[in-house]
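These notes concern the structure reproduced below.
The values are calculated or read from the model by the stated rules, or taken from the named source; none is laboratory data. Predicted, not measured: the structure shown is a model, and the values here were computed from it. Glycine also receives a Cβ, built like all others from the backbone with ideal geometry; neighbour counts cover every protein chain displayed. Side chains included, ligands, DNA and RNA excluded: accessible areas come from the protein's heavy atoms. Shrake-Rupley method; radii C 1.70, N 1.55, O 1.52, S 1.80 Å.
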Amino acid sequence: ARVEQAEAFGLSSRPVAFLKADLLATLGQAEAAAKLLAVAEKMPAVTRLDHYWLAERARQRRQFPQAIQHLQDALRVDPDDFWSLNLMGICHLNQGQSAAAAANFTACIARRPNLVWPYISRGTVFADLGQFENAQLDLARAEELSPEAYAVPLNRGFVFFLQKNFDAAKAEFATAAERRPDLAAPHLNLAEAFRRQAEELELSNAADGAV
C-alpha cells in the first residue's frame with residue numbers, strides 16, 4: 001500500500017525502488033532488498049518530489065551532506081519550494097551550520113509568513129548564534145501566530161538557559177510542561193535548569209569563601 005501511495009503522489013521509479021527495497025528489508029528479504037537497492041542507485045530522480053523524498057531518506061539516516069545535495073536538486077526543479085528549504089535548514093542545523101540554517105528558515109518565512117514553525121526554528125538558530133534578541137523576537141511572533149503552542153515556551157526556555165537566566169528558563173519549561181505533561185522534554189529541561197543553577201550557586205559560594 002505504501003508503494004502504491006508513493007506512485008500515486010508522483011514519485012518516479014528511483015524513490016519507489018528505494019521504498020520497495022526498504023519494505024523487502026523489513027520483511028527480512030535482505031538479498032532481494034540489496035539487489036533492488038543496487039538497481040535503484042542507477043535510476044534517475046526526475047521530479048521535485050523525487051529529490052525531496054531522497055533527501056528525507058538520507059536525513060533519516062543522518063546522511064546530511066547527501067540530503068542537502070538532493071534538496072539542492074529539488075530547488076533546481078522548483079526554486080520556490082517551501083518544504084525543501086525547510087528540510088535543508090534542518091539538515092544544516094544538524095551539521096552545526098547555524099548561519100546557513102537561519103538563511104533557509106528566513107526563506108521559508110518569506111514564502112509562508114503566517115506559519116509558526118519557521119519562526120520557532122529560526123529563533124532556536126539565532127540562540128545558537130548568540131543573537132538572543134532576534135531569537136526572542138521570532139519566538140514572540142510564533143506566540144502571536146499560535147498562542148498555545150507548546151514549542152514556544154520550550155524554546156524560549158532554551159534561549160534563557162543559554163543566557164544563564166535560570167529562573168526565567170525554569171518558568172518557561174514549567175509552562176511547556178503544563179501544556180504537554182505527556183512529553184519528557186520540558187520536564188528534563190526543567191530538571192537540567194535546576195541542576196545548572198545549583199552548580200552556578202556552588203561556584204559563587206565557593207568564590208565568596210562559603211563552606
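General observations
Okay, residues lined up against (1) modelled with pLDDT of 85 or more; (2) part of a helix (DSSP H, G or I); (3) closer than 30 Å to SER146 by Cα:
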position: ALA21; (1), (2), (3): no, yes, no
position: ALA25; (1), (2), (3): no, yes, no
position: LYS35; (1), (2), (3): no, yes, no
position: ALA40; (1), (2), (3): no, yes, no
position: ALA45; (1), (2), (3): no, no, no
position: ARG76; (1), (2), (3): yes, yes, no
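- Qualifying residue in the stretch 112-126 (condition: in a helix (DSSP H, G or I), among the hydrophobic types (A, V, I, L, M, F, W, C) and open to solvent by 60 Å² or more (accessible area, probe 1.4 Å)): yes
Each row is one residue, and each column tells you yes or no for (1) open to solvent by less than 40 Å² (accessible area, probe 1.4 Å); (2) among the hydroxyl-bearing types (Ser, Thr, Tyr); (3) under 14 Å from GLN163 (Cα atoms).
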| residue | (1), (2), (3) |
| --- | --- |
| LEU129 | no, no, yes |
| PHE132 | no, no, yes |
| LEU145 | no, no, no |
| VAL152 | yes, no, no |
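- Consider the stretch 53-65 and keep the residues that are buried (at least 16 other Cβ atoms within 10 Å of the Cβ) and at pLDDT 95 or above. The one that is farthest from the chain's Cα centre (by Cα) is PHE64.
- Pairs, first among the hydroxyl-bearing types (Ser, Thr, Tyr) in the stretch 140-168, second open to solvent by 40 Å² or more (accessible area, probe 1.4 Å) and part of a helix (DSSP H, G or I), C-beta under 7 Å, six or more apart: TYR150/ARG179
- Filter result for ALA140 (open to solvent by less than 60 Å² (accessible area, probe 1.4 Å) and either farther than 27 Å from GLN95 by Cα or in contact with a Pro (Cβ under 7 Å, 6 or more places away or on another chain) (or both)): no
- Qualifying residue in the stretch 48-57 (condition: basic (Lys, Arg), closer than 22 Å to LEU23 by Cα and in a helix (DSSP H, G or I)): yes
- Residues of the stretch 146-181 that turn out to be more than 19 Å from the chain's Cα centre (by Cα) and under 15 Å from PRO118 (Cα atoms), as a count: 0
- In the stretch 94-111, the residues that are touching a residue at least 24 places away in the same chain (Cβ under 8 Å) and either touching an Asp or Glu at 6+ places or on another chain (Cβ under 8 Å) or open to solvent by less than 60 Å² (accessible area, probe 1.4 Å) (or both): SER98, ALA101, ALA102, CYS108, ARG111
- Given (1) open to solvent by less than 60 Å² (accessible area, probe 1.4 Å); (2) touching a residue at least 12 places away in the same chain (Cβ under 8 Å); (3) part of a helix (DSSP H, G or I), number of the condition TRP83 does not satisfy: (1)
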